[in-house]
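Here the structure comes first, spelled out in structure tokens, and everything after it is commentary.
The values are calculated or read from the model by the stated rules, or taken from the named source; none is laboratory data. Predicted model, so just to flag it, every value in this text is computed and none were measured. No Cβ is skipped: glycine too gets one built from the backbone with ideal geometry, and neighbour counts run over all protein chains shown. Areas reflect the complete protein model, heavy atoms only, side chains present, ligands, DNA and RNA absent. Shrake-Rupley method; radii C 1.70, N 1.55, O 1.52, S 1.80 Å.
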Amino acid sequence: VEVRSVKLGATALGVTFVSYDTVVELDVPSGETRDLTFTLPIYDIGDQAMGLVPGAVVAYDGRGQVVGEQRFTLDVAGSSNSLYGRFGLLLVVFTVATVGLNLWLAARRRLPTSRLMRGLRFAIAGVGLGLTLCFVLSALRVLAPYPEVWPPLVIVPGLGFFLLGLLSPGRLRIEEDE
């Protein structure tokens, strides 16, 4: 088996935040293993991610086919100004805005008359809350957002908020007649 390149990557919620490639030259006879030491400069990784992120080192042959892979949790000591941190901050702003708007509309009895539309409006806020939770837990180094972990953290609040929207009060009947 020939190994011609190695890639270090980190992906969270289906989005790649870290990706480094290097060229290597290693031939491994069938049935044997070899250790490979190489230098991979990752000086700017703190600008790309922060906290716990699912990562992997993948080895490729000369045709670009995967010949080996090792998955692990990458603990990046990045800053909140990293791409990952900015994405998380954007999610926080979006979530606060959607939750705030829904509460404001509910208090003023200005939500849509259709229960389904109210449910969908609230579900968006719930999904935002779940995504924000994933990023916060990752940034605080509590939980890495692996594909087995983050969907329930997003779906459960989404469904819960959908039910809240279904049960929330719509417009006042007097206002509908005007």
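Would you point out which residue out of L83, L90 is in contact with a helix residue (DSSP H, G or I) (Cβ under 8 Å, 6 or more places away or on another chain) and open to solvent by 30 Å² or more (accessible area, probe 1.4 Å)?
Working: L90 fails: in contact with a helix residue (DSSP H, G or I) (Cβ under 8 Å, 6 or more places away or on another chain).
Only one candidate passes the filter, namely L83.
Among the residues of segment 103-159, which ones are in a helix (DSSP H, G or I) and among the small types (G, A, S)?
If we filter segment 103-159 for residues that are in a helix (DSSP H, G or I), which is where we start, we get 103-107, 115-139, 150-159.
Within segment 103-159, A106, A107, G119, A123, A125, G126, G128, G130, S138, A139, G158 meet the criteria.
Can you find a residue that is modelled with pLDDT of 90 or more and of a type outside the set (G, A, S) anywhere in segment 38-53?
Going through segment 38-53, the residues modelled with pLDDT of 90 or more turn out to be 52-53.
Keeping just the survivors that are of a type outside the set (G, A, S) gives 52-53.
Checked segment 38-53: at least one residue is modelled with pLDDT of 90 or more and of a type outside the set (G, A, S).
Taking segment 165-178 as the search range and keeping residues that are open to solvent by 60 Å² or more (accessible area, probe 1.4 Å), in contact with a Lys or Arg (Cβ under 9 Å, 6 or more places away or on another chain) and of a type in the set (A, V, I, L, M), which one is modelled with the lowest pLDDT?
Looking at the filtered set, the residue picked out is L172.
Restricting attention to segment 53-73, report how many residues are assigned to a strand (DSSP E or B) and either open to solvent by 30 Å² or more (accessible area, probe 1.4 Å) or not hydrophobic (A, V, I, L, M, F, W, C) (or both).
So in segment 53-73, the residues assigned to a strand (DSSP E or B) come out as 53-60, 66-73.
Now narrow it down to the ones that are either open to solvent by 30 Å² or more (accessible area, probe 1.4 Å) or not hydrophobic (A, V, I, L, M, F, W, C) (or both): 54-55, 57, 60, 66-73.
Residues meeting the conditions: 12.
As an exercise: evaluate V76 against (1) in contact (Cβ under 8 Å) with a residue 60 or more places away in the chain; (2) surrounded by fewer than 20 Cβ atoms within 10 Å (Cβ to Cβ) and give the number of the one condition it does not meet.
Condition (2) is where V76 drops out.
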